[in-house]
Amino acid sequence: MLKGKKIVLGITGSIAAYKSCLIIRELVKRGAEVQVVITPAGKEFITPITLSALTQKPVISDFFSQRDGTWHSHVALGLWADAMLIAPCTAATLGKMATGVADNMLITTYLSMKAPVFIAPAMDLDMYAHPTTQQNMERLRSIGNVIIEPQSGFLASGLEGKGRMEEPTRIVEVLDEKLEEDKYKNMPLQGRKVLITAGPTYERIDPVRFIGNYSSGKMGFSLAEECARRGAEVTLIAGPVSLRVGDYKSPTAENCKSPTAGVTAGVIHRIDVESAVEMRDAAVEHFADADAAILCAAVADYRPAEVADKKIKRKDDEDMIIHLVPNPDIAAELGRMKRDGQILVGFALETNDEQMNAEKKLQKKNLDFIVLNSLRNEGTCFRSDENKISILSKGQNAEIERTDYPKKPKSEVAADIIDELIRRIG
């Protein structure tokens with residue numbers, strides 16, 4: 001869950017501040033982008049130079065870094081972040097957070113934060129056990145903060161007891177687990193209808209032969225399952241594939257499952273088709289009341305002009321010539337139908353000139369964004385359980401924005417694509 005996430009790491013004046021380096025390292029290893037905000041006291045325990053080297057970002061400590069009118073916006077940080085983690089968090093900072101004493105950059109950032117906040121206290125055992133500290137933590141819990149409880153152990157004072165900050169690896173695990181849980185708890189696609197096409201199409205030559213491709217449908221089915229996990233009602237139009245939606249069960253629907261105990265997911269309605277024409281007809285019918293459509297199927301561009309009603313027999317002295325005619329362009333047709341508020345997502349599987357071809361398809365077919373993958377990436381695409389994608393979309397001034405993702409399982413690729421869909425669908 002931390003891949004691509006933006007994390008504000010708050011560091012306060014505790015001897016445990018040295019462990020923040022290990023927290024940063026673990027967050028960066030998991031693909032997160034980290035921005036450190038440190039209190040003046042925190043800089044007495046660890047230097048901004050060390051933290052900046054690990055995050056590749058300037059460390060923020062003061063409202064005003066220079067005397068030229070520039071300043072650091074705590075509001076912008078609150079909007080930028082996917083999560084805020086304060087580790088270590090001293091008793092003094094806990095008190096200021098609980099009472100809203102905004103006298104440093106860290107506290108003002110906390111008060112402006114729109115994302116979940118995680119707090120890892122660190123202090124001596126008597127300070128931790130004091131009723132005031134316990135009341136402050138309970139107050140912070142009651143307004144939605146996640147307290148990562150300290151552990152018992154040897155403390156800087158030489159005493160032994162509870163107050164030792166949780167280990168960095170475990171802190172990051174808690175962050176990861178909670179973000180994963182929240183991702184589904186809120187059901188961002190609840191009440192939304194999403195149309196998805198998946199798999200190949202087969203274009204018949206005669207009763208036993210067809211024109212087709214190697215698509216397995218795994219990417220499209222992963223997208224359908226991810227949408228349903230997030231609450232959507234999914235219409236899955238599937239070409240000829242061996243995959244079963246029946247493997248995806250739910251306590252509330254026969255063909256859908258909930259990824260988290262106690263969470264009711266959406267539902268998947270499967271429509272099986274064979275040819276491009278059948279897929280077009282089903283897509284046009286169901287797109288009208290959809291909030292979004294993801295066109296993941298590998299649709300044949302051409303079909304035989306005539307289909308023999310009997311098996312064509314081999315003739316050794318003659319070539320076999322098949323006259324092909326264009327199939328309907330499903331993406332272009334839905335692009336023309338698209339109304340305000342609908343989101344249309346396409347796929348571009350390329351073997352060469354990937355960027356140019358994907359950009360043309362994005363513009364020509366009125367797509368909101370397009371998922372680009374390439375057969376030149378070994379071990380991805382057809383029949384594979386992994387994929388490596390880029391997402392292209394229209395930015396400001398009609399410039400093309402591109403986000404590249406590493407190779408990963410198709411289930412995780414689906415989550416990246418649906419994250420982008422949710423950002424656009426609101």
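Structural remarks
- The set of residues in the range 362-410 that are in a loop (DSSP other than H, G, I, E, B), small (Gly, Ala, Ser) and touching a strand residue (DSSP E or B) at 6+ places or on another chain (Cβ under 8 Å) comprises GLY379, GLY395.
- Selection from the range 263-294 of residues that are at pLDDT below 95 and either crowded, with 21+ Cβ neighbours inside 10 Å or outside any strand (DSSP E or B) (or both): VAL263, THR264, ALA265, GLY266, ILE268, ALA288, ASP289
- Here PRO168, PRO240, PRO207 are screened, and the one residue that is more than 26 Å from VAL273 (Cα to Cα) and either open to solvent by 20 Å² or more (accessible area, probe 1.4 Å) or touching a residue at least 12 places away in the same chain (Cβ under 8 Å) (or both) is PRO168.
- Restricting the range 15-46 to residues that are crowded, with 21+ Cβ neighbours inside 10 Å and of a type in the set (Ser, Thr, Tyr), the residue that is nearest to ASP176 (Cα to Cα): SER20
- Annotation note: of GLU359, GLU378, GLU306, GLU350, the sole residue that is over 30 Å from GLU233 (Cβ atoms), in contact with a His (Cβ under 8 Å, 6 or more places away or on another chain) and charged (D, E, K, R) is GLU306.
- Residue match in the range 295-311 (condition: more than 28 Å from GLU226 (Cβ to Cβ), open to solvent by 40 Å² or more (accessible area, probe 1.4 Å), touching a helix residue (DSSP H, G or I) at 6+ places or on another chain (Cβ under 7 Å) and not aliphatic (A, V, I, L, M)): yes
- Whichever residue in the range 173-201 is basic (Lys, Arg) and modelled with pLDDT of 90 or more and, among such residues, is surrounded by the most Cβ atoms within 10 Å (Cβ to Cβ): ARG192
- Counting only helices (runs of 4 or more DSSP H) wholly contained in the range 57-161, the ones carrying 1 or more residues that are modelled with pLDDT of 90 or more, over 30 Å from the mean Cα position of the chain (by Cα) and exposed (fewer than 12 other Cβ atoms within 10 Å of the Cβ) occupy 91-99, 131-142.
- Pairs where the first residue, in the range 382-397, is touching a residue at least 40 places away in the same chain (Cβ under 8 Å) and the second is part of a loop (DSSP other than H, G, I, E, B) and open to solvent by less than 20 Å² (accessible area, probe 1.4 Å), C-beta under 7 Å, 6+ apart: ASN387/THR380; ASN387/CYS381
The values are calculated or read from the model by the stated rules, or taken from the named source; none is laboratory data. Given the structure is predicted, the values throughout are model-derived calculations rather than measurements. FYI the Cβ positions are ideal-geometry reconstructions off the backbone, even for glycines, and counts take in every protein chain you see. Remember, those area values only see protein heavy atoms, side chains included, never the ligands or the DNA or RNA. Shrake-Rupley method; radii C 1.70, N 1.55, O 1.52, S 1.80 Å.
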